[in-house]
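Notes follow the structure.
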Amino acid sequence: MFIRTYSTILLVLIILISGCDQNTAGESESSNHLNDEELSVEQQLQQVVDEYGLMGLSVVLIANNEVAYEGTFGYAVYETERELTRNSVFRIASITKTVSTIALMQLAEQDLVDIDADISNYLGWELRNPNQPDEVITLRHLLGHTSGIRDGEGYGNFISDMFSENLEIRELFSPDGGYYSEDMFADHPPKEFFSYSNAAWSLVATVVELISGQRFDHYTNEHIFEPLGMNASFNVTDFSPEEFAALYRLQDGFWTPQVDYYGESQPQERAPEGYEPGTNGLIYGPQGNLRIDTESLTTLALTLMNGGEWQGVQILQGATLDEMTRPNWIYNETNGDTWDDFWMAYGLGIHLITNRDGKDVIFPDRTMFGHAGIAYGLLSDMYIDPDTGSGVIFITNGSNRPFEYAENTAFYAMETAVFDIFYPLLLEREAN
């Protein structure tokens, strides 16, 4: 009796320890949820949350031009245990660039700006790469990350000071400017080399302000977000504190909010007093500072999927969207920095998926376009394929594990785990 009881207890302990090992974040690269067809989609996604130690996860699958699945897991705010919902507002990082491009291209549709003209014509001061002084820089170069502008040391210093000082953006890009640094420009001429740049987007927003006469946040609210009924803005003061999903990193074993944790305080206006539109388009963060909830990001995805129109509201002409999604740059093994084979082709403010084996793969049987984002603990994706009416949205506001690449794609393992869960469901919905 004692022997059998002891053996049973030992067996139970082994099973419990074994189970703990399988579910401990960071100890297993294999995902059990990928092989268990009996688990529901929610259970499989919860396993991704557990395996990768995610603060929160918000995901959407689009099939046949409509939402096939949406789900949220975990916390928007860890400190208060406020749960994540489809209406939690994220600082969405570089998906922002697609929206900033839409703003500029709306003005191009009205013949108010020529994206192939010298951008100096609009800025009112000469923008040149000091290493290539005879080469014109255009808005097309900026929108396609082929301008030669880089995120040099001056970029970070400028951002640090621009909220307390009423700085002009030319101070960053003119060699005689107070924030200019030599590493702001590459040696190669425009158009020849893809080099991902956040700083370049400050000039895109500056031109939008100069042409429209409006602050960038006001313009996008009036011409993009409000017409589509989106809960989105470049201005944090357009939201209440309880709407935000804070972004987290695990630091010294503790979840530490990086952005959008307000507690009892209120979001503060970014622009310094007396800011004049057109002097510094970086103020409202056209490179990555858009705040938006998952429901509204889904609206954006469906709008792009349907030629720039959604529910009777047209924010872009189909021909304009075609221009944005046409390859402006394709990697040829020597003409760009791919970030470990992630950027293989790019349009205008749009990442083009090529599905090259082992590189930029989301779903294996289709190419897609959209954008990804990564900043302050957030990781985000919005990708669609209008030809098949499919798309995917992925957002997490923090992980207790490092972001590590998956084995057969340049996307991260946690993203790929969700893509792999969604793919069979996508095929099932398309077959019905």
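The values are calculated or read from the model by the stated rules, or taken from the named source; none is laboratory data. In this text the structure is predicted, and so the values were computed from the model without any measurement. Reconstructed Cβ throughout: ideal geometry from the backbone, glycine too, with neighbour counts over all protein chains shown.
Which residue pairs have Cβ atoms closer than 6 Å, lie 6 or more positions apart in sequence or on different chains, and pair a first residue in region 105-131 that is without any contact (Cβ under 8 Å) to a residue 12 or more places away in the chain with a second residue that is among the basic types (Lys, Arg) and assigned to a strand (DSSP E or B)?
none
Looking only at region 96-109, decide whether some residue is under 15 Å from ALA205 (Cα atoms), of a type in the set (Ser, Thr, Tyr) and in contact with a His (Cβ under 9 Å, 6 or more places away or on another chain). Walk me through how you get there before you give the answer.
The initial filter retains those residues of region 96-109 that are under 15 Å from ALA205 (Cα atoms), namely 96-108.
Within this subset, residues satisfying the condition of being of a type in the set (Ser, Thr, Tyr) are 96, 98, 100-101.
Keeping just the survivors that are in contact with a His (Cβ under 9 Å, 6 or more places away or on another chain) gives 96, 98.
Looking through region 96-109, at least one residue is under 15 Å from ALA205 (Cα atoms), of a type in the set (Ser, Thr, Tyr) and in contact with a His (Cβ under 9 Å, 6 or more places away or on another chain).
If I go through region 325-371 residue by residue, how many of them are outside any strand (DSSP E or B) and closer than 28 Å to LEU425 by Cα? Before the answer, list the steps.
Taking region 325-371 first, the residues outside any strand (DSSP E or B) are 325-328, 331-335, 337-344, 347-350, 353-368.
Pick out the ones that are also closer than 28 Å to LEU425 by Cα and you get 325, 341-344, 350, 353-368.
Number of matching residues: 22.
Looking at region 325-354, which of its residues are in contact (Cβ under 8 Å) with a residue 24 or more places away in the chain and of a type in the set (Gly, Ala, Ser)?
GLY336, GLY347, GLY349
Filter region 127-156 down to the residues that are more than 21 Å from the chain's Cα centre (by Cα) and either modelled with pLDDT under 95 or farther than 20 Å from ASP183 by Cβ (or both) and list them by number.
The answer is ASP134, VAL136, THR138.
Taking the options ILE92, ILE137, name whichever one is under 24 Å from GLY308 (Cβ atoms), of a type in the set (Val, Ile, Thr) and in contact with a Lys or Arg (Cβ under 9 Å, 6 or more places away or on another chain). Reasoning before the result, please.
Values: ILE137 fails: under 24 Å from GLY308 (Cβ atoms).
Sole residue among the options that is under 24 Å from GLY308 (Cβ atoms), of a type in the set (Val, Ile, Thr) and in contact with a Lys or Arg (Cβ under 9 Å, 6 or more places away or on another chain): ILE92.
For region 378-409, which positions are among the small types (Gly, Ala, Ser) and over 28 Å from ASN64 (Cβ atoms)? Write out each step before concluding.
Narrowing region 378-409 to residues among the small types (Gly, Ala, Ser): 380, 389-391, 398-399, 406.
Matches in region 378-409: GLY398, SER399.
Look at ILE159 and say whether it is in contact with a helix residue (DSSP H, G or I) (Cβ under 7 Å, 6 or more places away or on another chain), at pLDDT 95 or above and surrounded by 14 or more Cβ atoms within 10 Å (Cβ to Cβ).
Considered against the rule, which asks whether it is in contact with a helix residue (DSSP H, G or I) (Cβ under 7 Å, 6 or more places away or on another chain), at pLDDT 95 or above and surrounded by 14 or more Cβ atoms within 10 Å (Cβ to Cβ), ILE159 comes out as no.
Would you point out which residue out of ARG249, ARG270 is at pLDDT 95 or above and not polar (S, T, N, Q)? Quick ask: steps written out before the conclusion?
Working: ARG270 fails: at pLDDT 95 or above.
After ruling out the rest, the residue left standing is ARG249.
Are any of the residues in region 391-403 farther than 21 Å from ASP260 by Cα and among the polar types (S, T, N, Q)?
No.
Quick one: in region 60-82, which of the residues that are β-branched (Val, Ile, Thr) and touching a residue at least 24 places away in the same chain (Cβ under 8 Å) is surrounded by the most Cβ atoms within 10 Å (Cβ to Cβ)? Can you show your working first?
Taking region 60-82 and keeping what is β-branched (Val, Ile, Thr), we get 60, 62, 67, 72, 77, 80.
When the remaining residues are screened for being touching a residue at least 24 places away in the same chain (Cβ under 8 Å), the result is 60, 62, 67, 72, 77.
Values: VAL60: 23, ILE62: 26, VAL67: 16, THR72: 20, VAL77: 24.
Ranking the candidates gives ILE62 first.
Return the residues of region 252-284 that are at positive phi and under 22 Å from the mean Cα position of the chain (by Cα); say none if nothing qualifies. First the steps, then the outcome.
Looking only at region 252-284, we keep the residues that are at positive phi, and these are 252-253, 260, 263, 274, 278.
Correct list: ASP260 only.
Test LEU139 against the criterion of being over 24 Å from ASP340 (Cβ atoms) and buried (at least 21 other Cβ atoms within 10 Å of the Cβ), and give yes or no. Walk me through how you get there before you give the answer.
Values: over 24 Å from ASP340 (Cβ atoms): yes; buried (at least 21 other Cβ atoms within 10 Å of the Cβ): yes.
Spelling it out, LEU139 is indeed over 24 Å from ASP340 (Cβ atoms) and buried (at least 21 other Cβ atoms within 10 Å of the Cβ).
Working carefully through the options ASP385, ASP340, find the one that is of a type in the set (D, E, K, R), at pLDDT 95 or above, under 24 Å from GLN258 (Cβ atoms) and in contact with a strand residue (DSSP E or B) (Cβ under 9 Å, 6 or more places away or on another chain).
Working: ASP385 fails: under 24 Å from GLN258 (Cβ atoms).
Among ASP385, ASP340, only ASP340 is of a type in the set (D, E, K, R), at pLDDT 95 or above, under 24 Å from GLN258 (Cβ atoms) and in contact with a strand residue (DSSP E or B) (Cβ under 9 Å, 6 or more places away or on another chain).
Could you check region 381-410 and list, in sequence order, the residues that are assigned to a loop (DSSP other than H, G, I, E, B) and touching a Phe, Trp or Tyr at 6+ places or on another chain (Cβ under 7 Å)? Walk me through it before giving the result.
Of region 381-410, the ones assigned to a loop (DSSP other than H, G, I, E, B) are 386-389, 397-398, 400-404, 406-410.
The answer is ASN397, GLY398, ARG401, PHE403, GLU404, ALA406, ALA410.
I'd like to verify a number: residues in region 40-57 that are closer than 13 Å to VAL418 by Cβ and in contact with a Lys or Arg (Cβ under 7 Å, 6 or more places away or on another chain), how many?
1
If you take the residues in region 198-214 that are assigned to a loop (DSSP other than H, G, I, E, B) and not polar (S, T, N, Q), which one is surrounded by the fewest Cβ atoms within 10 Å (Cβ to Cβ)? Quick ask: steps written out before the conclusion?
Narrowing region 198-214 to residues assigned to a loop (DSSP other than H, G, I, E, B): 198-200, 213-214.
Then drop every residue that is not not polar (S, T, N, Q), which leaves 199-200, 213.
On the way: ALA199: 23, ALA200: 28, GLY213: 10.
This residue is GLY213.
Of the residues SER164, SER195, SER147, which is over 27 Å from GLU269 (Cβ atoms), surrounded by fewer than 21 Cβ atoms within 10 Å (Cβ to Cβ) and in contact (Cβ under 8 Å) with a residue 24 or more places away in the chain? Walk me through how you get there before you give the answer.
Values: SER164 fails: over 27 Å from GLU269 (Cβ atoms); SER147 fails: surrounded by fewer than 21 Cβ atoms within 10 Å (Cβ to Cβ).
Going through SER164, SER195, SER147 in turn, just one is over 27 Å from GLU269 (Cβ atoms), surrounded by fewer than 21 Cβ atoms within 10 Å (Cβ to Cβ) and in contact (Cβ under 8 Å) with a residue 24 or more places away in the chain: SER195.
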